[in-house]
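The values are calculated or read from the model by the stated rules, or taken from the named source; none is laboratory data. Worth saying up front: this structure is predicted, and the values here are computed from it rather than measured. Cβ atoms come from the backbone with ideal geometry, glycine included; neighbour counts cover every protein chain shown. Heavy atoms of the whole protein, side chains included, go into the accessibility calculation; ligands, DNA and RNA do not. Shrake-Rupley method; radii C 1.70, N 1.55, O 1.52, S 1.80 Å.
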Amino acid sequence: MHDFASTAFPHAGLAFSDMHIALPQIVAGDNAGLEARIREVNELAGKGRYPSGPLVPAVARGFAAFERQDYAATVAALEPIVGELERL
């Protein structure tokens with residue numbers, strides 16, 4: 001799954017696909033790949049070209065923290081955006 005997602009969708013572009021690519025990156029422990037995608041999302045959002053803005057990076061970081069069993073970091077990542085998740 002990780003190899004397919006990374007190959008089929010090498011760059012950020014759509015929140016739905018980016019979130020679903022982040023999941024295998026998180027499970028595979030591909031922190032560098034995850035951070036690269038987050039950087040791309042943030043760059044697109046900064047240019048007004050990513051409608052969900054900072055939500056995908058926040059959710060990805062929250063899921064990564066959950067995978068590490070760092071529940072305080074999970075809450076810290078997700079709590080600020082909980083009211084905006086419909087934008088995903």
Quiz item: Round to a whole number: what % of the accessible area of region 39-88 belongs to carbon and sulfur, probe 1.4 Å?
Solution: 57 percent
Self-check item: Around Arg49: net Lys/Arg minus Asp/Glu count, Cβ-Cβ under 12 Å
Solution: -1
Quiz item: For Pro24, what charge total do you get from the other residues with a beta carbon under 10 Å from its beta carbon, if Lys and Arg give +1 and Asp and Glu give -1?
Solution: -2
Self-check item: 222 nm mean residue ellipticity, helices alone, for the chain (DSSP H n ≥ 4; -39,500 (n - 2.57); rounded to 500)
Solution: -20500 deg cm²/dmol
Quiz item: With all pairs of different alpha carbon atoms counted, what Kirkwood hydrodynamic radius in Å does region 1-52 show?
Solution: 10.9 Å
Quiz item: Using a simple charge model, +1 on the beta-carbon of Lys and Arg, -1 on the beta-carbon of Asp and Glu, nothing else, what dipole does the chain show about its Cα centre, in debye to the nearest 20?
Solution: 200 debye
Quiz prompt | For the chain, accessible area per residue (1.4 Å probe, heavy atoms of protein chains only), Å² | solution = 61 Å²
Quiz item: How large are Rg and Dmax for the chain when only the alpha carbon atoms are used, in Å?
Solution: 12.2, 34
